Amino acid sequence: MSSRAIPTNRYAIQLAVFIAFGFLFGYDIGVISGCLIMPDFIRRFGQVDENGQHFLSSSRQSIITSLLSAGGALAQAFTSDRFGRRGSILIWSAIFTIGVAIQTGTEFSIVQLTIGRFIAGLGVGALSGMSLYNGETAPKALRGTLLVLYQLQIIIGQANLSIIGVTIFLSYILDLVTHRIPNSASWRVPVGLQLLLGLILLSGIFFLPESPRHLLGLNKRDEARKVLAALNGVPEDDELVDELVEELVFAIGAENEGGKATWAECFSTRNNLWKRTGNGMMLQFIQQLNGQNFYYYYGDTFFQSAGTELSPYVIQVILGGVSVIATIPALHLIESWGRRQLLLTGALLEAACSLIAGLVGHFTLAPTGTPKDQLTLRNKQGGDTLIAFAVLHVFSFSLFWGPTPWVYLGESFPLRVRPKSIALGSATNWIWNFLLSFFAPRIAARIGPLILLIFFGMLLFGYVYVYLFIPETKGLTLEEVDEMYRVGVKPWNSASFKPHLSEEARQKYIKDHEEKRESPISAA
């Protein structure tokens, strides 16, 4: 028997950080919110009122922001099965880069701008579903933490060894720096920087390995061994690699007994797949109606009417900085508290923020368009209070509901349906992202801060849903999560669930290995 090496996870962590660039839409959310109030952007893509002044109507704001969210998430299920996880990442990275190039090259055509945003949206929508890659390459003990790196990369460029990402926080700073430039560079520079992100992802062709679970699903055992050895930092002939391969083969065989998966199977009663797919989709739905994206997309425009002395760009930078601070402890809490507790706690905190901000804003803010010299002390205090609770809301979201639904989505499904189920969850996220960004400015134009009460109601619903239907998956392998759903553990009892599948696989490996060692003696 070969000696067991001490595993290291440096390579797996590097890959997780690199794949976190797939959440490129986070950067765009920050950029586009600032562009909506830049004079040159309004002049090129807005309309002219009866006084000859350029403006962006709520309908144009809707179409500009929402088209990034209009498609792509379902498509990755087809490409990841046909071309592998690695090939799928490269394909959609190229599509995203083309879309950004079209946006950046736009002169005065809102049609060209929106087409570019739609094409880029196809790319980021598909890449958002690639949490399955992190879920399939991350070691068991690190999987939750590595999946949270998605959210960290959405908020800030996180340096890990030699890789630096660009995210919402940087986009806010760039908007702050460039918004005073009196020409198109004010918005072209922050938008065009996404070209660099796309090229970084495309560079993955030189070093990204294929998912070992995908390789084993294709019966490519030798290639899977090489990847598993690299991900764990051990020699290919190490005993740990033998155990991992046997465990995965055992689990994949059990998963694939029914033949090739179909879309309908994602909602079948087999192994409670309908519950798992429904939970993944519902968490993504609730996440989008948390209210945070309203601040991200339309914060600059919304805060202009709050009567504060701070620039809307400065407020957005503050929101970005708060998001950074909140996301870092999530890397620890996702494993120490668990997924379920984070969701329950976050729903209550964010609901309180939405309720207070909505009521304070409704009863204290002046009507939109009121000159600053006519604002009363009550108006200004109300604006400051609204912004304070907006900051607390974003902090709570980044700590709780920002990362956790993506972690849950990446670890809830068996291999045979994982790409399709993750695609359905991601598509749900994008559909509601699209609907929110399309309708939010129209609703806010009619009811103002009371729009926050809609998010308050959704967060209360989210708390109840999580308590009744979302089980705890902390500390479980992908195969053990499958077992937990199959045996029908109640969500409120799931934290104490003790799996048996991995132990069975391990005992089978030990038994087979001992039989091989004893066979020469028996023959003699």
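Things worth noting here:
- Test: residue in segment 131-153 that is buried (at least 18 other Cβ atoms within 10 Å of the Cβ), acidic (Asp, Glu), at pLDDT 70 or above and assigned to a helix (DSSP H, G or I): no
- Any hit, segment 476-488, residues being of a type in the set (Asp, Glu), open to solvent by 80 Å² or more (accessible area, probe 1.4 Å) and at pLDDT 60 or above: no
- Residue pairs meeting the criteria (Cβ under 7 Å; at least 6 apart or on separate chains; first within 28 Å of Val464 (Cβ to Cβ) and open to solvent by 20 Å² or more (accessible area, probe 1.4 Å), in segment 313-341; second of a type outside the set (A, V, I, L, M) and assigned to a helix (DSSP H, G or I)): Val322/Phe395; Leu331/Thr145; Glu335/Gly144; Glu335/Thr145
- Qualifying position, being assigned to a loop (DSSP other than H, G, I, E, B) and either open to solvent by 40 Å² or more (accessible area, probe 1.4 Å) or at pLDDT 80 or above (or both), among Phe41, Phe108, Phe78, Phe96: Phe108
- Selection status of Gly233, touching a helix residue (DSSP H, G or I) at 6+ places or on another chain (Cβ under 8 Å) and on the phi > 0 side of the Ramachandran plot: yes
- Number of positions in segment 212-243 that are surrounded by 22 or more Cβ atoms within 10 Å (Cβ to Cβ) and either under 22 Å from Arg82 (Cα atoms) or modelled with pLDDT under 80 (or both): 9
- Search result, residues across segment 417-432 that are aliphatic (A, V, I, L, M) and either in a helix (DSSP H, G or I) or open to solvent by 10 Å² or more (accessible area, probe 1.4 Å) (or both): Ile422, Ala423, Leu424, Ala427, Ile431
- Phe469 farther than 15 Å from Gln288 by Cβ, more than 17 Å from the chain's Cα centre (by Cα) and either surrounded by 23 or more Cβ atoms within 10 Å (Cβ to Cβ) or modelled with pLDDT of 85 or more (or both): yes
- Residue within segment 245-268 that is outside any helix (DSSP H, G or I), more than 23 Å from Arg418 (Cα to Cα) and at pLDDT below 85 present: no
- Some residue of segment 493-504 being modelled with pLDDT under 80, more than 20 Å from Arg416 (Cα to Cα) and of a type in the set (Asp, Glu): yes
- Which numbered condition Thr376 misses (of (1) farther than 29 Å from Val31 by Cβ; (2) in contact (Cβ under 8 Å) with a residue 12 or more places away in the chain; (3) among the hydroxyl-bearing types (Ser, Thr, Tyr)): (2)
- When segment 188-208 is limited to residues that are within 12 Å of Ile89 (Cα to Cα) and open to solvent by less than 20 Å² (accessible area, probe 1.4 Å), the one that is modelled with the lowest pLDDT turns out to be Gly204.
- The set of residues from segment 383-416 being farther than 14 Å from Thr327 by Cα and open to solvent by 10 Å² or more (accessible area, probe 1.4 Å) comprises Asp384, Thr385, Ile387, Ala388, Phe389, Leu415, Arg416.
The values are calculated or read from the model by the stated rules, or taken from the named source; none is laboratory data. As the structure is a computational prediction, the values presented were derived from the model and not from experiment. Glycine gets a Cβ as well: all are built from the backbone with ideal geometry, and neighbour counts include every protein chain shown. When the accessible area is computed, the model is the full protein with side chains, heavy atoms only, and any ligands, DNA or RNA have been set aside. Shrake-Rupley method; radii C 1.70, N 1.55, O 1.52, S 1.80 Å.
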